[in-house]
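The values are calculated or read from the model by the stated rules, or taken from the named source; none is laboratory data. Keep in mind that this is a model prediction, so the values were computed, not measured. Glycine also receives a Cβ, built like all others from the backbone with ideal geometry; neighbour counts cover every protein chain displayed. To get the accessible areas, we keep the full protein, side chains included, count just its heavy atoms, and leave off ligands, DNA and RNA. Shrake-Rupley method; radii C 1.70, N 1.55, O 1.52, S 1.80 Å.
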Amino acid sequence: MNFKKFIAAALVLGLITGTAACGKSAEDVKTVKIAYLPLTHALPVFVENELQDKAGQKYKIELIKYGSWPELMDALNTGHVDGASVLIELAMKAKEQGVGVKAVALGHKDGNVIVASKNIKSVSDLKGKKFAIPHRQSSHNILLGQMLKNAGLSYKDVNIVELPPPEMPAALAQGQIAGYSVAEPFGAKSVALSTGKVLFESNELWKDSICCSLVLSDKFISSNKDATKEVVSNYREAGEYIGSHKDEANTIAKKYLNLDDKVLDLSMKWISYNDLEITREAYDSLTSKIKEFGISSNPPAYDDFVDSSLSGK
Ligand code: ZN
């Protein structure tokens, strides 16, 4: 080999080994950007974030806080984040519209209430009054529809308004609305302040209800298979940790949610985070309610939207 050929071969070898080394180190500590709203329902991502940096971990979570569902969905739909803890109906609607996202775990189990002002004695007292939900695409809308149906009423009997979750307790206290259903801790706030009462807990209206989900973009999943498996498995471990380490979980919740103990205790009483698998049975019940209550006529099928290889244990 002459000198020129030797240099060329050395350069090629250097490029190959250099590329391989770069690829390995990038894979070792892949950053995964997860969007969230400051809700009790997003607690597993807060706990996963706090418990991360395990030896040999292939990813690092970067949590990005948003102020409203439309802002968060915009970030997810445009690829500014790799995933989100989000109302599952919003992610299903994005999927319907062609955005490449998959649901990989539940956000929580149960944990929603229907709150009403104290002078509302029964569902029929809500007739003609304003009732707030966070978004038409939400399980809160389904819970409202189910409650009305059980009482022989329908959506037409109430005046439904969409409000940002943090505004609902004040709107109820000031008499602007007669009731609301929304992600926690905003139901607990009215109950703790005695400006509202629980009319129903979600499990009285809809057994094994699905509300929030951890979703990841198809792009992130397909280019980071090993890291994705770890993200989801550690997320589900974080859910189990909340059940077995209540004091530590409450400390983490307060760090992200700025809540007093009374509101947090009440909120946590209604919710659980064990076994966050999205089962086909619970998802099919969700899609049939989405159709029944006119939220969407064409929700994505389980096999298209739920990554059961990641969602299951
Ligand atoms: Zn939720």
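Of a type in the set (Asp, Glu) and either in contact with a strand residue (DSSP E or B) (Cβ under 6 Å, 6 or more places away or on another chain) or closer than 24 Å to Leu144 by Cα (or both), is that true of Asp307?
On the way: of a type in the set (Asp, Glu): yes; either in contact with a strand residue (DSSP E or B) (Cβ under 6 Å, 6 or more places away or on another chain) or closer than 24 Å to Leu144 by Cα (or both): yes.
Against the criterion (of a type in the set (Asp, Glu) and either in contact with a strand residue (DSSP E or B) (Cβ under 6 Å, 6 or more places away or on another chain) or closer than 24 Å to Leu144 by Cα (or both)), Asp307 qualifies.
For the range 146-157, what are the residues that are surrounded by fewer than 21 Cβ atoms within 10 Å (Cβ to Cβ) and at negative phi? Spell out the reasoning first.
Keep residues of the range 146-157 that are surrounded by fewer than 21 Cβ atoms within 10 Å (Cβ to Cβ), which gives 149-157.
The answer is Lys149, Asn150, Ala151, Leu153, Ser154, Tyr155, Lys156, Asp157.
Does Asp261 meet the test of being closer than 18 Å to Tyr59 by Cβ and more than 15 Å from the chain's Cα centre (by Cα)?
Criteria not met by Asp261.
What's the total number of residues in the range 77-105 that are open to solvent by less than 10 Å² (accessible area, probe 1.4 Å), hydrophobic (A, V, I, L, M, F, W, C) and either touching a Cys at 6+ places or on another chain (Cβ under 7 Å) or more than 15 Å from the ligand (Cβ to nearest atom) (or both)?
The first filter runs over the range 77-105 and keeps only residues open to solvent by less than 10 Å² (accessible area, probe 1.4 Å), leaving 81, 83-89, 91-92, 94, 101, 103-105.
Keeping just the survivors that are hydrophobic (A, V, I, L, M, F, W, C) gives 81, 84, 86-88, 91-92, 94, 101, 103-105.
Of the ones still in play, those that are also either touching a Cys at 6+ places or on another chain (Cβ under 7 Å) or more than 15 Å from the ligand (Cβ to nearest atom) (or both) are 81, 86-88, 94, 101, 104.
Selection size over the range 77-105: 7.
For Lys58, all conditions in the list (1) within 15 Å of the ligand (Cβ to nearest atom); (2) touching a strand residue (DSSP E or B) at 6+ places or on another chain (Cβ under 7 Å) hold save one; what is the number of the exception?
Tallying (1) within 15 Å of the ligand (Cβ to nearest atom); (2) touching a strand residue (DSSP E or B) at 6+ places or on another chain (Cβ under 7 Å), Lys58 fails exactly one: (1).
Is one or more of the residues making up the range 189-208 among the polar types (S, T, N, Q), in contact with an Asp or Glu (Cβ under 8 Å, 6 or more places away or on another chain) and within 16 Å of Ser267 (Cβ to Cβ)? Before you say what the answer is, go through the steps one by one.
So the first thing to find is which residues in the range 189-208 are among the polar types (S, T, N, Q), and the list is 190, 194-195, 202-203.
From what's left, in contact with an Asp or Glu (Cβ under 8 Å, 6 or more places away or on another chain): 202-203.
In the following step, the residues that additionally are within 16 Å of Ser267 (Cβ to Cβ) were identified as 202-203.
Within the range 189-208, one or more residues are among the polar types (S, T, N, Q), in contact with an Asp or Glu (Cβ under 8 Å, 6 or more places away or on another chain) and within 16 Å of Ser267 (Cβ to Cβ).
Listed residues Gly128, Gly179, Gly111, Gly145; which is small (Gly, Ala, Ser) and within 16 Å of the ligand (Cβ to nearest atom)? Before the answer, list the steps.
Working: Gly128 fails: within 16 Å of the ligand (Cβ to nearest atom); Gly179 fails: within 16 Å of the ligand (Cβ to nearest atom); Gly145 fails: within 16 Å of the ligand (Cβ to nearest atom).
Among Gly128, Gly179, Gly111, Gly145, only Gly111 is small (Gly, Ala, Ser) and within 16 Å of the ligand (Cβ to nearest atom).
Give me the pairs, please: first residue somewhere in the range 165-191 and outside the structural domain of Leu148 (by TED's automatic domain parsing) and assigned to a helix (DSSP H, G or I), second residue anywhere and at pLDDT 95 or above and open to solvent by 10 Å² or more (accessible area, probe 1.4 Å), beta-carbon distance under 7 Å, and either six or more positions apart or on two chains.
Correct list of pairs: empty, since none qualify.
For the range 214-231, does any single residue satisfy the condition of being within 16 Å of the ligand (Cβ to nearest atom) and surrounded by 14 or more Cβ atoms within 10 Å (Cβ to Cβ)?
Applying the first criterion (within 16 Å of the ligand (Cβ to nearest atom)) to the range 214-231 yields 214-215.
When the remaining residues are screened for being surrounded by 14 or more Cβ atoms within 10 Å (Cβ to Cβ), the result is 214-215.
Yes: the range 214-231 contains one or more residues that are within 16 Å of the ligand (Cβ to nearest atom) and surrounded by 14 or more Cβ atoms within 10 Å (Cβ to Cβ).
Which condition breaks for Arg280 when tested against (1) among the basic types (Lys, Arg); (2) free of Cβ contacts under 8 Å to residues at least 40 places away in the same chain; (3) under 30 Å from Leu193 (Cβ atoms)?
(3)
Filter the range 159-183 for residues that are surrounded by fewer than 20 Cβ atoms within 10 Å (Cβ to Cβ) and over 19 Å from the mean Cα position of the chain (by Cα) and give the result.
Across the range 159-183, the qualifying residues are Asn159, Ile160, Val161, Glu167, Ala170, Ala171, Ala173, Gln174, Gly175, Gln176.
Restricting the range 197-234 to residues that are assigned to a loop (DSSP other than H, G, I, E, B) and at negative phi, which is farthest from the chain's Cα centre (by Cα)?
Taking the range 197-234 as the starting set, the residues that turn out to be assigned to a loop (DSSP other than H, G, I, E, B) are 206-211, 224.
Subset that is at negative phi: 206-207, 209-211, 224.
Numbers: Trp206: 18, Lys207: 18, Ser209: 13, Ile210: 10, Cys211: 7, Asn224: 21 Å.
Residue satisfying both the conditions and the ranking: Asn224.
Are any residues in the range 269-313 of a type in the set (A, V, I, L, M), assigned to a helix (DSSP H, G or I) and modelled with pLDDT of 95 or more, and if so, which ones? Even if it seems obvious, please write down each step before you answer.
In the first step, residues of the range 269-313 are kept if they are of a type in the set (A, V, I, L, M); the result is 271, 276, 278, 282, 286, 290, 295, 301, 306, 310.
Of the ones still in play, those that are also assigned to a helix (DSSP H, G or I) are 282, 286, 290, 310.
If the condition is that a residue be of a type in the set (A, V, I, L, M), assigned to a helix (DSSP H, G or I) and modelled with pLDDT of 95 or more, then Ala282, Leu286, Ile290 are the ones that fit.
Kindly list, by first and then second residue, each pair from a residue in the range 115-131 that is over 14 Å from Ser190 (Cβ atoms) to a residue that is open to solvent by less than 60 Å² (accessible area, probe 1.4 Å) and charged (D, E, K, R), limited to pairs with Cβ atoms under 7 Å and residues at least 6 apart or on different chains.
Sorted first by the residue in the range 115-131, then by its partner, the pairs are Lys127/Asp157.
Could you tell me how many of the residues in the range 48-78 are part of a strand (DSSP E or B) and of a type in the set (Ser, Thr, Tyr)? Lay out the reasoning, then the answer.
Taking the range 48-78 first, the residues part of a strand (DSSP E or B) are 59-65.
From the residues that got through so far, the ones that are of a type in the set (Ser, Thr, Tyr) too are 59.
Final tally of qualifying residues: 1.
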